[in-house]
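Scroll down for the structure; my scribbles are underneath it.
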2 protein chains.
Amino acid sequence: MRYKTVIVDDHPIVISGIAGLLSELENIEIVEKFESGIALLDYIEDHKIDLILMDIFLPIINGVDLCKTIKQKHPKIVIIGMSSQSERSLVMQFIQNGGNGYILKNASFDEFKNCIYKAIDGEIVFSEEVKTIISQPLSEDLERIPGLSRRERDIALLLSQGKSTQEIADDLFLSFLTVQTHRRNILQKYKMKNVAELIAFLLKNNMLN
Amino acid sequence: MRYKTVIVDDHPIVISGIAGLLSELENIEIVEKFESGIALLDYIEDHKIDLILMDIFLPIINGVDLCKTIKQKHPKIVIIGMSSQSERSLVMQFIQNGGNGYILKNASFDEFKNCIYKAIDGEIVFSEEVKTIISQPLSEDLERIPGLSRRERDIALLLSQGKSTQEIADDLFLSFLTVQTHRRNILQKYKMKNVAELIAFLLKNNMLN
DNA sequence: TAAAAAATACATTTTATCAGGTATTGCTAC
DNA sequence: GTAGCAATACCTGATAAAATGTATTTTTTA
């Protein structure tokens, strides 16, 4: 039996690369390639598919939602997610929405092949780097870094725009003293010495915007 | 004549995709593929190369710095940058460091081909989406962003770590007053109100590290 | 090698931040 | 329905940063 496979990625080059790789696999048959999830959803209604390789960052509808939608109607289709960088929470979400595996695009050809074969056999698969990312930081990542509250985020954002305490108070129709308190709370929460260090920290952890 | 070409990308799949594309072009010959810039820098000393296609986001050394380093020694090599997302400032930086073009990875095969041919002919080329991104605020960006000097970068980096002027002075064995002057110069250069805004600006434009 | 850029240094005034403690009100989740 | 968090607000002293002006030396580079 040959597994009817589709590839979804908004980068033509990546599609071509994966197609080249898959063509080496005996029992895989690429039946279609898409640059967006919408096109795939159309196609899937009228055609039999066994395996989907999809990018997570797609225009219009993202990979996580796409996976969820497909799995609801077609739970037997094996879906493997891919992306360039991986965040722990993203991978978890994808799997919770029915994904059968997750591969980083910097994985080697052998990793790709192994993961695809194992996924077809019913395993949940991850490429090496994904494994290390999802296996470690339960204590460090989720517990250690508390989030900003709504107001704190507003204020942090304005701080990153160079606004002074007074200017922020005026912008948000708050007392100067309130803003001062929020600012102090943020600094204490992350044990930062001053606003400069705070902004660097927040930006590096994607906690602004 | 066949142009000796190398591909640099940390995603094996992308390398494979580009290689597939380039194999259709008569006068392009792929002589080597690398997953990091370090390996390329070694190779380039002993081998003739005419064209480099490189990812911008690479481990260890990034594409912008890699391009600069190569161009200093080998100005005749045509270098085209690639990335998945494009920020205006990043593209500009790349070109200012000697890059001959910039292509988004979601470009079509035809776009890739055209850009490569034109770049070989001496043009500075951009894929369609890059063009739209860089063409907008013409007047603002042509008075381009000046860079940080070495010392300024040192100081900006320490500022982003929350150090005070006095601490920086101690760290770098400088007078408090010297650091104060540098800090002021940096703020004035980018017309920033304070260090917080400066750090946000520098990080967003990848000017630290 | 001359000009430009970068790095160094000093002095002062005004303004803002940081750090300490305290307290009230409104949600909201258990 | 209450405990806990979030948001609001006040006070003050010490410290640091920002704004302004000037000037010498070293290094790059055209």
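The values are calculated or read from the model by the stated rules, or taken from the named source; none is laboratory data. Keep in mind that this is a model prediction, so the values were computed, not measured. Here the Cβ is made from the backbone with ideal geometry for all residues, glycine too, and neighbour counts use every protein chain on show. The area values use the complete protein model at the heavy-atom level, side chains included, leaving out ligands, DNA and RNA. Shrake-Rupley method; radii C 1.70, N 1.55, O 1.52, S 1.80 Å.
Write out, first by first residue and then by second, each pair whose Cβ atoms fall under 7 Å of each other, whose residues are 6+ apart or on separate chains, and whose first residue, in the range A:1-30, is more than 11 Å from chain B (Cβ to nearest Cβ) while the second is among the polar types (S, T, N, Q).
Here the result reads A:1/A:27; A:2/A:27; A:3/A:27; A:28/A:5; A:29/A:5; A:30/A:5, each pair linking the range A:1-30 to a residue that is among the polar types (S, T, N, Q).
Hand me the list of strands (runs of 3 or more DSSP E) wholly inside the range B:16-119 holding 1 or more residues that are open to solvent by 50 Å² or more (accessible area, probe 1.4 Å).
Strands (runs of 3 or more DSSP E) meeting the threshold: B:28-34.
Of all the residues that make up the range B:164-195, how many are open to solvent by 40 Å² or more (accessible area, probe 1.4 Å), touching a helix residue (DSSP H, G or I) at 6+ places or on another chain (Cβ under 7 Å) and within 8 Å of DNA strand D (Cβ to nearest atom)?
Number satisfying all stated conditions: 3.
Are any residues in the range A:156-168 away from DNA strand C (no atom under 11 Å from the Cβ) and without any contact (Cβ under 8 Å) to a residue 40 or more places away in the chain, and if so, which ones?
A:161 - this is the single residue of the range A:156-168 that is away from DNA strand C (no atom under 11 Å from the Cβ) and without any contact (Cβ under 8 Å) to a residue 40 or more places away in the chain.
Looking at B:202, B:198, which one is modelled with pLDDT under 90, facing another protein chain (nearest Cβ under 10 Å) and crowded, with 21+ Cβ neighbours inside 10 Å?
Result of the check over B:202, B:198: B:202.
Among residues belonging to the range B:145-162 that are within 10 Å of DNA strand D (Cβ to nearest atom) and more than 11 Å from residue B:183 (Cβ to Cβ), point out the one that is surrounded by the most Cβ atoms within 10 Å (Cβ to Cβ).
In this case the residue turns out to be B:162.
Scan the range A:1-51 for residues that are farther than 23 Å from residue B:21 by Cα and aliphatic (A, V, I, L, M) and report the count.
Result for the range A:1-51: 8.
Hey, among the residues in the range A:169-195 that are within 11 Å of chain B (Cβ to nearest Cβ) and near DNA strand C (Cβ under 9 Å from one of its atoms), which one's nearest to residue A:155 (Cα to Cα)?
That would be A:183.
Tell me which residues, restricted to the range B:65-101, are of a type in the set (A, V, I, L, M, F, W, C), more than 14 Å from chain A (Cβ to nearest Cβ) and in contact with a strand residue (DSSP E or B) (Cβ under 8 Å, 6 or more places away or on another chain).
Those that are of a type in the set (A, V, I, L, M, F, W, C), more than 14 Å from chain A (Cβ to nearest Cβ) and in contact with a strand residue (DSSP E or B) (Cβ under 8 Å, 6 or more places away or on another chain): B:66, B:67, B:70, B:77, B:78, B:79, B:90, B:91, B:94, B:95.
Check residue B:209 against each of (1) open to solvent by less than 70 Å² (accessible area, probe 1.4 Å); (2) modelled with pLDDT under 80; (3) assigned to a loop (DSSP other than H, G, I, E, B) and name the one condition it does not meet.
All conditions are met except number (1).
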